[in-house]
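**Student:** Pasting in a structure now, in structure tokens, and then I'll have a few things to ask.
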Amino acid sequence: MTQSNWDLALSALGPILMGAIQGTIPLALVSFALGLVLALALALMRLSRLRWLSAIARVFISIVRGTPLLVQLFVIFYGLPSLGLLIDPWPSAVIAFSINVGGYAAEVIRAAILSVPQGQWEAAWMVGMSRRKALTRIILPQAARVSVPPLSNTFISLVKDTSLASLILVTELFRQAQKVAAFSQEFMLLYLEAALVYWVICLVLSTVQSRLEKRLDRYVAH
């Protein structure tokens, strides 16, 4: 790599990092938070005794998991305007990513809830708790510990998937790399630099995930 390429890489690092701080990370955090709310609702619908409610959740999850995220993003940003519903790029990305997270995380949460021993339900009922109280005070806290590893992996995947938002002109990490690459014509260099930044972010998140799992493991009886 020549000195000029080093200079270009260093000068591009600032805009790329700003794209990560101002675009990628907020987009991932907001989408993941909203996606978890949707996932919890879908998981509870799947576990509902009402068959029609469970069926709605099952079909929704099947559609989300059975279609590419890119297609979902394009349907919201490019498809909905044909129906008279125009949504700006950033909200479109948030909606698409939240729906995608909701579809995948719903099954994680449902499995975590089912992993809690039936005896926990019975103990809650014996002390007079309603099904709702037992769920919120006994079952969900235990299920949360079980679901931390897979949900953390979902978040890490989401951080990488936010690069797709560049296709609808959302200014984030990869979009900034594209701008610099288009100006300098050094596509390989800038795309590799963007990949390196993504890798570092995911490495940090993986470290945080590992420490969180160890901390939560202290409260689990062996």
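Quick note: the coordinates plus some simple rules give every number you see, no bench work behind them. What you see is a predicted model; the values in this text were computed from it and never measured. Virtual Cβ from ideal backbone geometry, glycine too; neighbours counted across all protein chains shown.
**Student:** So, in nm, how far is label ILE87 from label GLN118 when the simple model puts each one 7 Å beyond its Cα toward the Cβ?
**Tutor:** 4.1 nm
**Student:** Tell me the volume per residue, in Å³, of the convex hull enclosing the alpha carbons of the range 64-105. Mind dumping the intermediate values first?
**Tutor:** Values: hull volume 2.4 nm³, N = 42.
Given the Cα convex hull of the range 64-105, per-residue volume reads 57 Å³.
**Student:** Could you grab the relative contact order for the chain? Cα pairs under 8 Å, six or more apart, rounded to a whole percent. Provide the component values of the computation, followed by the final result.
**Tutor:** Numbers: 223 pairs, mean separation 63.5, N = 222.
After rounding, I find 29 percent.
**Student:** Select one label from (i) 32, 17, 16; (ii) 40, 23, 11; (iii) 24, 20, 18: the one whose number is semi-axes √(5λ) of the Cα gyration tensor in Å as derived from the coordinates shown.
**Tutor:** Here semi-axes √(5λ) of the Cα gyration tensor in Å agrees with entry (ii).
**Student:** Hey, in the GNM for the chain with a 10 angstrom Cα cutoff, which one of ARG58, ARG132, ARG175 fluctuates hardest?
**Tutor:** ARG132
**Student:** Only helical DSSP H runs with n ≥ 4 go in: add -39500 (n - 2.57) per run for the chain, normalise by residue count and round the 222 nm mean residue ellipticity to 500 deg cm²/dmol.
**Tutor:** Numbers: 10 runs with 166 residues, N = 222.
Computed mean residue ellipticity for the chain: -25000 deg cm²/dmol.
**Student:** Give the order of LYS214, LYS179 when sorted by the count of other beta carbons within 10 angstrom, beginning with the fewest. It would help to have the intermediate numbers written out before the result.
**Tutor:** Numbers: LYS214 9, LYS179 17.
Ordered from fewest to most neighbouring Cβ atoms within 10 Å, LYS214, LYS179 come out as LYS214, LYS179.
**Student:** If you don't mind, there's one more thing I want to ask. Only Cα pairs within less than 10 Å get springs; with that Gaussian network setup on the chain, which residue of GLY103, GLY84, GLY23 has the largest fluctuation?
**Tutor:** GLY84
**Student:** Using +1 on the beta carbon of Lys and Arg, -1 on that of Asp and Glu, and nothing else charged, what's the dipole of the range 108-222 about the Cα centre, debye to 20?
**Tutor:** 640 debye
**Student:** As I understand it, the dipole of the range 3-217 uses +1 on the Cβ of Lys and Arg and -1 on the Cβ of Asp and Glu, about the Cα centre. Which of SER54, PHE183, LEU69 lies farthest toward its positive end?
**Tutor:** The residue sitting farthest along the positive end of the dipole is SER54.
**Student:** Under a cut-off of 29 Å between alpha-carbon atoms, report the lysines in cross-link reach of LYS214, not counting same-chain residues fewer than 8 places apart.
**Tutor:** Filter leaves LYS133, LYS160.
**Student:** Moving on to the next point. Of the residues LEU140, LEU203, LEU85, which exhibits the maximal mean-square fluctuation in a Gaussian network model of the chain defined by a 10 Å Cα contact cut-off?
**Tutor:** LEU85
**Student:** Still on this structure: Take TRP90, TRP6 and order them by how many other Cβ atoms sit within 10 Å, fewest up front.
**Tutor:** On the way: TRP90 18, TRP6 11.
Neighbour counts put them in this order, fewest first: TRP6, TRP90.
**Student:** Under 1.5 on a/c is rounded, so check that first for the range 62-182, then, if it is not, pick prolate when a/b is larger than b/c and oblate when it is not; a ≥ b ≥ c are the square roots of the alpha carbon gyration tensor eigenvalues. Present the calculation step by step, with values, prior to reporting the outcome.
**Tutor:** Numbers: a/c = 3.52, a/b = 2.35, b/c = 1.50.
Judged from the Cα gyration tensor, the range 62-182 comes out prolate (a/c at least 1.5, a/b above b/c).
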